[in-house]
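Just below is one structure, and these are the notes that go with it.
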Amino acid sequence: MLGVVVVGIGIAGRVRIRDLLNPMPNTPSENLKLIGFVSRRTLGKIEHVDQITLDEALLSDQVQAAIICLENSFHEEYTRKFLNAGKHVCVEYPMALSVAAAGELWDLADAKGKILHVEHIELLTAEYNLLKQKVSGKELMEGTLHFTGGPLDRQRNGFPAFSGIARLTWLIDLFGELTFKSATLSEDLKQQYWKMTAHLHTKDNRALTWIEERGPGLRRGKQINFQFKSDILDRLPEVPNNHSGLFMKDLNLFVQKLVGQHLTDTPERKRILHCLGLADEMKAFCEQSPSNCHDY
Ligand code: NAD
């Protein structure tokens, strides 16, 4: 059994605790034992699991791995702390708020001989898997992916290209490596509203537009318009709205790596670093030139 701690008790952290207490029978997740959880708040016990301090988690011989569920701005710092303490790490996406930091974290994991796994549950949903099947083998002419959702604090979650990395991951997993062309960010801080529009090209020079828009009253959802040579895909496949079990699937991927069942994560690392590199470019482009960044 491998001892594990959950760090950060928000929505994701609570799901992680629930999953660790109820592993899926006959799956790798049965190899994990939840030792405790770490929170910056005093929460006492959650479902009979003890809160422990960060130092206890870092120093304990019982703890072999940590699952980092903090807000995005803390991912790099906590991942680094646990790797330096000789623990394996599973971190929720995005693993860091720059490609340079992500590269350093993987170098550190390799130097320490530890697994560093990044959760990407957006690739595990039934909706996405059906979409991927529908896109497979088709020639893209141009496309748009537009995400909307409620307000999100940029201080805690990073520039929109990072907080929205799940959407960029979809585009790259569907259409291969992309080249950044330009981006704009419009925002109204008082209204907690912002909209990023990023223009990308596929290897065949086909234009892809990614829009990430958040503000009060915006319903969480994704709209697509993918124009292929053969036909147009303008809505996501309809599947029962059931997201249960996604974090459990991810947990099993992490444990497969821990027990050596998953031999190489090179393509995964390449995809993650490519996404973060593009996110870096979008952020730099919007921040460098005020004309690309405007207030209402
Ligand atoms: P969250 O806002 O629920 O929690 C984030 C952090 O805020 C947690 O560390 C928690 O300790 C802290 N927090 C929560 N409520 C608090 C409160 N009342 N007072 C003080 N601190 C509080 O966010 P989340 O949805 O759990 O996301 C955590 C990470 O997981 C993020 O990096 C996110 O990108 C990633 N993630 C989440 C989901 C999801 O479905 N929730 C899916 C994929 C990835």
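The values are calculated or read from the model by the stated rules, or taken from the named source; none is laboratory data. The shown structure was predicted, so the numbers you read here are calculated from the model rather than taken from an experiment. When we count neighbours, we look across all protein chains shown, and the Cβ atoms used for this are built from the backbone with ideal geometry, even at glycine.
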*Just checking, which of Ile121, Ile115, Ile46 is more than 23 Å from Lys257 (Cα to Cα), touching a residue at least 12 places away in the same chain (Cβ under 8 Å) and of a type outside the set (Phe, Trp, Tyr)?*
Ile46
*Pair list, Cβ under 6 Å, 6 or more apart: the range 217-232 residue surrounded by fewer than 14 Cβ atoms within 10 Å (Cβ to Cβ), other residue outside any strand (DSSP E or B)*: Lys229/Glu139; Ser230/Lys138
*Among the residues of the range 188-227, write down those that are within 17 Å of Glu142 (Cβ to Cβ) and of a type in the set (A, V, I, L, M).*
Ala198, Leu200, Ala207, Leu208, Ile211, Ile224
*Looking at the range 154-191, which of its residues are free of Cβ contacts under 8 Å to residues at least 60 places away in the same chain and either in the same structural domain as Ser73 (by TED's automatic domain parsing) or charged (D, E, K, R) (or both)?*
Arg154, Arg167, Lys181, Lys190
*What number of residues in the range 5-37 are assigned to a strand (DSSP E or B) and either more than 9 Å from the ligand (Cβ to nearest atom) or aromatic (Phe, Trp, Tyr) (or both)?*
8
*Looking at Asp188, Asp153, which one is at pLDDT below 95, within 15 Å of the ligand (Cβ to nearest atom) and more than 22 Å from Ala100 (Cα to Cα)?*
Asp153
*Which condition breaks for Glu238 when tested against (1) within 30 Å of Gly3 (Cα to Cα); (2) loosely packed, with under 13 Cβ neighbours inside 10 Å?*
(1)
*So Thr264 clears everything in (1) surrounded by fewer than 16 Cβ atoms within 10 Å (Cβ to Cβ); (2) more than 16 Å from the ligand (Cβ to nearest atom); (3) outside any loop (DSSP other than H, G, I, E, B) except one condition, right? Which one?*
(3)
*Residues (farther than 13 Å from Val255 by Cβ and in contact (Cβ under 8 Å) with a residue 60 or more places away in the chain) located in the range 1-43*: Val5, Val6, Val7, Gly8, Ile9, Gly10, Ala12, Val15
*Residues in the range 7-45 that are surrounded by 19 or more Cβ atoms within 10 Å (Cβ to Cβ), of a type outside the set (Asp, Glu) and farther than 23 Å from Asn157 by Cα: how many?*
8
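Residue-by-condition table, conditions (1) within 16 Å of the ligand (Cβ to nearest atom); (2) in a strand (DSSP E or B); (3) of a type outside the set (Phe, Trp, Tyr):
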{"site": "Lys203", "(1), (2), (3)": "no, no, yes"}
{"site": "Leu208", "(1), (2), (3)": "no, yes, yes"}
{"site": "Glu212", "(1), (2), (3)": "yes, yes, yes"}
{"site": "Gly217", "(1), (2), (3)": "no, no, yes"}
{"site": "Gln227", "(1), (2), (3)": "no, yes, yes"}
{"site": "Glu238", "(1), (2), (3)": "no, no, yes"}
{"site": "Met248", "(1), (2), (3)": "yes, no, yes"}
